[in-house]
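The next block holds one structure in the form of structure tokens; read it before the comments.
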Amino acid sequence: YLQNKTGCTLFITGASRGIGKAIALKAARDGANIVIAAKTAEPHPKLPGTIYTAAQEVEAAGGRALACVVDIRDEKQVGEAVQKAVDKFGGIDILVNNASAITLTGTLETPMKKVDLMLGINMRGTYLTSKMVIPHLLKSRSPHILNLSPPLNLNPIWFKNHTAYTMAKYGMSMCVLGMAEEFRGQIAVNALWPKTAIQTAAMDMLGGEGIAKQCRTADIIADAAYIILSQPKHYTGHFLVDEDVLKEHGARDFDQYAVKPGHPLLPDFFLDEAPETLVKLMEQHGATPAFKPSSSSSPSSAKSSSSGPIESTFDLIRGNINEDVVNSTQAIYQFDLTGEHGGVWFLDLKSGSGSTGKGQPPVKADVVMTMDSADFSKMFSGQLKPTMAFMSGKLQIKGDMMLAIKLEKLMSRMNKAKL
């Protein structure tokens, strides 16, 4: 069922690093022709790789490469890259729409510049590149379009905290829905999405260095993409998840894809596994709640204890913050707690060696988290993963998502300290 890609031409957007590059290298090992259509021509201060370093890797792996500087928002640049590809390789067989921009913020926190970037790259860029490449795909023997985008899941959970990003990614998925039908029988058009977070530069920027061990490598996506791109052209209109594709083709060993085998994995966005099930799964996979709340913080004794569970939790937090934590975090958090032990609390990880207290923070918070007081205690005691709380709607986050993710790293450090 795996068709060798020798002599096949793949046009891949955003292929200078991450998932795009992994797909390129997998096909290159067969001797495929790879068009690397991406923006990075000069080394980026924060991100690895350029179109030229990716081209060198493709050729070292056995493929032929064409590096094109392309901002997929620019019709002229896309058109020129497509023409260069056809001139050099004689046609295009496969288009992989991988380039994406991500900003996980709410409506009031997202600048229009970021909204335009996400809609411009993810949705419009995918549409434009497809439109320009399709005339060439129609001449190919086994034409494919593969978009790196999620199943169209209309559960509001996936919209409420980052509507603009979701609209932009779902725009890519809608291209699949429409074009698969429009070109049925002529071109296979499918979507592929990871089941878990994938370790890429984008993920490191979102979650910091502590996030990697909860990820799989981009190889899992590359292997799944290879299988999809080997199917006949009538295999179309599918919204696929990497792990499912591989399982269907007999793969059993998923540890080979883990950055840290055996470590619980962070589920990716847009896939509905009831968050409670996810927590249970994570526990089965060795994610044990790290430290059990001390007796004074169990609800039954809390009423008689003068400090109460929230105070005890903040005592624990105080014992774990210092100048290093402040320097690496640089954020002020506000917690609006509801329920039995409701109230407003803050955690200042921006100045000095950090501080916590009851009431509003001295200056405006970067992140405001709203949740039930019982869930708050569970979260800081390692019984409830913040990611899960957020995905299941138990935790609302206003403000900078990246800073919210940094707090999760502090929690896991606290839990380790308590072991």
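Residues that are open to solvent by 10 Å² or more (accessible area, probe 1.4 Å), part of a helix (DSSP H, G or I) and touching a residue at least 24 places away in the same chain (Cβ under 8 Å) within region 175-191 comprise 175, 177, 179, 181, listed in sequence order. Only residues that are assigned to a helix (DSSP H, G or I) and either open to solvent by 10 Å² or more (accessible area, probe 1.4 Å) or on the phi > 0 side of the Ramachandran plot (or both): list them for region 159-169, please. Answer for region 159-169, where residues must be assigned to a helix (DSSP H, G or I) and either open to solvent by 10 Å² or more (accessible area, probe 1.4 Å) or on the phi > 0 side of the Ramachandran plot (or both): 159, 160, 163, 164, 165, 167. Contact map, region 221-233: residues that are assigned by the TED database to the domain that holds residue 26 and among the polar types (S, T, N, Q) paired with residues that are surrounded by fewer than 19 Cβ atoms within 10 Å (Cβ to Cβ) and in a loop (DSSP other than H, G, I, E, B), Cβ distance under 7 Å, separation 6+ or inter-chain. Pairs shown: 230/1; 230/2; 230/3.
Scanning region 321-375 for residues that are open to solvent by 20 Å² or more (accessible area, probe 1.4 Å), within 19 Å of residue 409 (Cα to Cα) and among the acidic types (Asp, Glu) yields 323, 324, 366, 375. Entry remark, region 15-28: residues being at pLDDT below 95, touching a Gly at 6+ places or on another chain (Cβ under 6 Å) and not polar (S, T, N, Q) number 1 in total.
Taking the criterion of being among the aromatic types (Phe, Trp, Tyr), part of a strand (DSSP E or B) and farther than 16 Å from residue 72 by Cβ, no residue of region 11-54 qualifies. Residue 409 falls short on exactly one of the conditions (1) modelled with pLDDT of 75 or more; (2) part of a helix (DSSP H, G or I); (3) not hydrophobic (A, V, I, L, M, F, W, C), and that condition is (1). Within region 376-393, none of the residues are in contact with a Gly (Cβ under 9 Å, 6 or more places away or on another chain), outside any strand (DSSP E or B) and open to solvent by 10 Å² or more (accessible area, probe 1.4 Å).
Among the residues that make up region 231-239, is at least one of them outside any loop (DSSP other than H, G, I, E, B) and modelled with pLDDT of 95 or more? Yes, region 231-239 has at least one match.
Any residue that is over 22 Å from residue 205 (Cβ atoms) and either out of contact with any strand residue (DSSP E or B) (no Cβ under 8 Å at 6 or more places or on another chain) or crowded, with 16+ Cβ neighbours inside 10 Å (or both) - is there at least one of those in region 113-127? There is at least one residue in region 113-127 that is over 22 Å from residue 205 (Cβ atoms) and either out of contact with any strand residue (DSSP E or B) (no Cβ under 8 Å at 6 or more places or on another chain) or crowded, with 16+ Cβ neighbours inside 10 Å (or both).
The values are calculated or read from the model by the stated rules, or taken from the named source; none is laboratory data. These figures come from a predicted structure and were not determined experimentally. Glycine gets a Cβ as well: all are built from the backbone with ideal geometry, and neighbour counts include every protein chain shown. Only protein heavy atoms, including side chains, enter the accessible area calculation; ligands, DNA and RNA are left aside. Shrake-Rupley method; radii C 1.70, N 1.55, O 1.52, S 1.80 Å.
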